[in-house]
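Heads up: the structure comes next, in structure tokens.
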Amino acid sequence: MGRRRRRRRVDPADAARALPEAIAALSQTLPAGPSPETFRRAKFDRPEAAPAFWRLLFCVLSPQPPNGASASFSPEAQVRSVKLALRTQGYPRRALAQLPDDGSQGGRELLLALAWLLAREPLPERLLAQNRVQLGDEMHVCECEALASPGPPAPSVEADGCVDIRHLQWLMGKLRFRWRNLMASQQEQCALLGKIHSYTRGCHSDRSLGHLSVTETELLRDPEGGRQLLRRLQRENARLQAALEWRRRELVFWQWMDTVLDACPPEASQPTFLPRIPTPGAGALEPLVRELQALQGELREAVEARREAWEAGVGGRGPEWSAVRTALREAVGQDLAALRRACERSGSLAQPHGPRRLVRTEAGAPRGPGLRAPEVIEALRSREAHLEVVLRRLQGQCRQELARLVGALPGLVWILPPGR
């Protein structure tokens, strides 16, 4: 008793055998994942490994990568999209931005970028949740009260050329037409969904559901679709097993990435990989906490100094900047008020997000887990009211800008459009 447990050292021979298995498991969880041999060639910056990693990062960084999304984009467009997405997310290495746009170079830099994405978020889990097979009728619900402020209004800038008001009116009419079509299609979809749930009541083996979904109803009509769905579920199950295998062998991958990072030429800003590996205790975090607190104090002082310099610089620029500051303070106040209301309603900032299955229940049925339709409607009405406040504020800003333009042209007669 009392003897300290020695950390188990990884045998180099075991690591050499486990590394290809870890990389193969990781590749299976990623869209268009390269082979372990491609990873090895990327470590030595071989040019033949670059195209596969450009495609991989393009699929990973796309908002919602559908199947075959990279086929509709040229290699140059994929490279530019990856560079822009990584720069937006704060990727620190400048060497990747200096790579050519033809996608023929940069295997090692792209491998470092992939490791950076794996270290900053649970990337395989996010991709699995995003591309999972849906068996039930779902809708995405967010009960958070959205921060509806559009940000500070930009100072008025004169247009470079003439603006055709008729073209703007045509665009607004086109937008209204498409919005009405979208609303009509959504209402029709909800009506058909309600009929399916009503006609299949009592057909489901799960008593808590009571009815079939659209996918389950389609299986009764088309047996071949059932076999395709089974193959999709088998592929998803294989990806889930690969994700579990990747988590078991993740440490071997990060030890190998240390050798990749050592092989890179020195740069002023090296990416710091922080894989989520449990530590023996919390005592090792105390120096890090003190350092973060010291950096937070320095950042606060720097922000105060820059704010004072900014206020001194824009203080004499006329009433336009004063209006910008006033609108900014009002927007921040409204956002804080929305956060307080969300905290008072739920007791915490964590509100339900993500997809929820739609289940039809009777009026007098006992309440089960999940959200009721009136709760979702109330959340949507609250969001609608918040957006209406923002719309009225933006309309007021537009009227002020129009009044300023009319005052600048004394001979212009402005006739307001008829109210809708």
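Here is how the numbers come out for the structure above:
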quantity: Approximate spin-label separation Ser104-Arg290, in nm, with each point projected 7 Å along Cα-to-Cβ; calculated: 5.4
quantity: Within-14-Å neighbourhood charge of Ala49 [Cβ basis; K, R +1; D, E -1]; calculated: +2
quantity: Fraction of alpha-carbon pairs over 13 Å apart in the range 192-260 - percent; calculated: 75
quantity: Gain on full stretching of the segment that runs from Leu371 to Leu220 - 0.36 nm per residue minus C-alpha separation; calculated: 51.5 nm
quantity: Contact order relative to length of the range 22-137, as percent, for alpha carbon pairs under 8 angstrom and 6 or more apart; calculated: 31
quantity: Interchain or long-range residues, amide H under 5 Å from Glu138's placed H; calculated: Leu358
quantity: Distance between modelled label sites at Arg306 and Arg207, nm, 7 Å Cα→Cβ extension; calculated: 6.1
quantity: Projected label distance in nm at Glu138 and Leu171, using a 7 Å step from Cα toward the beta-carbon; calculated: 3.5
quantity: Net lengthening on full extension, Leu402/Cys190 (0.36 nm per residue, minus Cα-Cα); calculated: 72.2 nm
quantity: Net length gained if the chain between Arg248 and Leu299 were fully extended (0.36 nm per residue, minus Cα distance); calculated: 14.5 nm
quantity: Solvent-accessible area of Lys83 with every protein chain in place, 1.4 Å probe, in Å² to the nearest 10; calculated: 30
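The values are calculated or read from the model by the stated rules, or taken from the named source; none is laboratory data. Keep in mind that what you see is a predicted model, and the values were worked out from it rather than measured. Using ideal geometry, Cβ is built from the backbone for each residue, glycine included, and neighbour counts are taken over all protein chains shown. Side chains included, ligands, DNA and RNA excluded: accessible areas come from the protein's heavy atoms. Shrake-Rupley method; radii C 1.70, N 1.55, O 1.52, S 1.80 Å.
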